[in-house]
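Input: a single structure, listed below in structure tokens.
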Amino acid sequence: MLPFSIALRPGEPVVDQVVYAVTRAVVSGQLRSGDRFPSVRTLSQELKVNPNTAQRIVALLVEAGLLAVEPGIGTVVTKHPQAGGSSAAASRRADLAALPDRLAEPLVVEARRLGLGLADLVDIVRARWKALDTSR
Amino acid sequence: MDYAIETEALTCRYGRKCAVDQLTMHVPVGSIYALLGPNGAGKTTTLKTLMNLRPPAIGTARVLGVDSRSLGPADLARIGYVSENQRIPSNLTIGEVEAFCRPWYPTWDAALATELRDRFGLDPRARIKALSRGTRLKVQCLLALAPRPRLLILDEPFSGLDPVVRDDLTTGVLSLADRDGWSVLLTSHEMDDVERLADHVGFLNDGRLVVEEPMAALLGRFRRVEVALADGAAVPAQRPSSWLGFAVEGRAVRYVESQAGPAAEAAWHAAFPGATIEASRMSLREVFVALTRSTAPAAVPGRSR
């Protein structure tokens, strides 16, 4: 069994879906620092995905600073996903810069289309923020 | 050798009917390659020719570096082949069939055979003739996987099986994956399974290979485009050839873009000034339908042979 929740949907890149699911699990506390992460082989067999895809998923998560390779142990969840190395810090800055355009704007557009006010939208975001905490 | 399988202008005929027409395909070593296509496209004939079960009319196929017509027992011992056309002696038990096959394969892995038998829930005392179709396919997979082949050729391994059996078989196939230089060629209509499993795709229609590329590249270049026309706007008479399945209903225009990218996007906006345009990614199932419709013999003018 995998230590994070995921249900793959066709039509979206598998890599993106799994990276998102793992990120979500780390942020919500379903995966904690020091937890062992499944091997490429296990990931491939459990998700029924191509081994090369599983390899890329692990590589991307290591690059993002969420996982680290511990010699003799395997891949583990890192202690401080926010900090990490210098490359992780750089990618965090890039992600942060992209946040308003990539994620916040579609949310605002959709809220306006539905005729919601700013306060309604903030309420929705606040509720999701709490839901992620209670899913621990 | 960079390719587990390579064919050049491979052509197969049944009498006057051309089942496979100048097929040139390449299965990279280490890949899981899905050969897709509608029924009757020539997939099974291609696989049979690769396994030297029938000779090509013209052209060549090299399998693990060997010409398909010279594949001998030592070569075939490195290839696992699963097809519904295969026959297993029906009076034997699963255990007896295993014992019969084992001596032919120097690389037979008894521990793996036991592991697969347990995973598939196979009883060695059960007789082949008493087995359901799904269980018989499991036996075939066990026999194909236990020798730890360098190449697996699977002809519709999942067809008509329930999701649990499909999952079991997929896990069995993937359990071989940590071997270097291990490759798989499979045909299937289970598009959702294939989308996750394969990293290379070949698409056959009417005996011809119309697409061969990495899965990510194929899914990356297809978009379903939905256009809401601006008031009084007309639909362009001239349309790029990369637009497939173009349809208009009132103010709604729908088509499939097969060359998605910045240039294609610019072309959409140039064709529909002032319109609302939405593009979304497509599943392999949707890409399959679009490819099948757009490359059917009737859809391609001037194609005859």
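The values are calculated or read from the model by the stated rules, or taken from the named source; none is laboratory data. Computed from a prediction, not measured in an experiment: that's the story for all the values here. Quick reminder, even Gly has a Cβ in these numbers, built from the backbone with ideal geometry, and neighbours come from all protein chains shown.
When the residues of region B:194-217 are filtered to those that are of a type in the set (A, V, I, L, M) and either free of Cβ contacts under 8 Å to residues at least 60 places away in the same chain or in contact with a Phe, Trp or Tyr (Cβ under 6 Å, 6 or more places away or on another chain) (or both), which remaining residue is farthest from the other protein chains (Cβ to nearest Cβ)?
B:V210
Any idea which of (1) away from chain A (no Cβ under 14 Å); (2) in a helix (DSSP H, G or I) is the one B:L244 doesn't satisfy?
(2)
Residues checked against (1) under 14 Å from the mean Cα position of the chain (by Cα); (2) over 24 Å from B:A216 (Cα atoms); (3) within 14 Å of chain B (Cβ to nearest Cβ); (4) not in a strand (DSSP E or B):
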{"residue": "A:L2", "(1), (2), (3), (4)": "no, yes, yes, yes"}
{"residue": "A:P10", "(1), (2), (3), (4)": "no, no, yes, yes"}
{"residue": "A:V18", "(1), (2), (3), (4)": "yes, no, yes, yes"}
{"residue": "A:V27", "(1), (2), (3), (4)": "yes, yes, no, yes"}
{"residue": "A:T42", "(1), (2), (3), (4)": "no, no, yes, yes"}
{"residue": "A:T53", "(1), (2), (3), (4)": "no, no, yes, yes"}
{"residue": "A:G72", "(1), (2), (3), (4)": "no, yes, no, yes"}
{"residue": "A:R92", "(1), (2), (3), (4)": "yes, yes, no, yes"}
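Return a yes/no flag: does region B:46-54 have any residue that is surrounded by fewer than 17 Cβ atoms within 10 Å (Cβ to Cβ), over 26 Å from B:V210 (Cβ atoms) and assigned by TED's automatic domain parsing to the domain that holds B:N205.
no
Just the residues that are hydroxyl-bearing (S, T, Y) and away from every other protein chain (no Cβ under 14 Å), please, taken from region B:9-52.
B:T11, B:Y14, B:T24, B:T44, B:T45, B:T46, B:T49, listed by residue number.
So which residues in region B:218-253 are free of Cβ contacts under 8 Å to residues at least 60 places away in the same chain and closer than 23 Å to B:G42 by Cβ?
Passing the criteria: only B:L244.
Quick test of your reading of the structure: B:P236 fulfils all but one of (1) part of a loop (DSSP other than H, G, I, E, B); (2) in contact with a Gly (Cβ under 8 Å, 6 or more places away or on another chain). Name the failing condition by number.
(2)
Would you check if there is a residue in region B:112-125 being within 14 Å of another protein chain (Cβ to nearest Cβ) and crowded, with 20+ Cβ neighbours inside 10 Å?
Yes; the residues of region B:112-125 include at least one that is within 14 Å of another protein chain (Cβ to nearest Cβ) and crowded, with 20+ Cβ neighbours inside 10 Å.
Which one of these is touching a Cys at 6+ places or on another chain (Cβ under 7 Å) and surrounded by 15 or more Cβ atoms within 10 Å (Cβ to Cβ): B:V139, B:V63, B:V82, B:V97?
The conditions single out B:V82.
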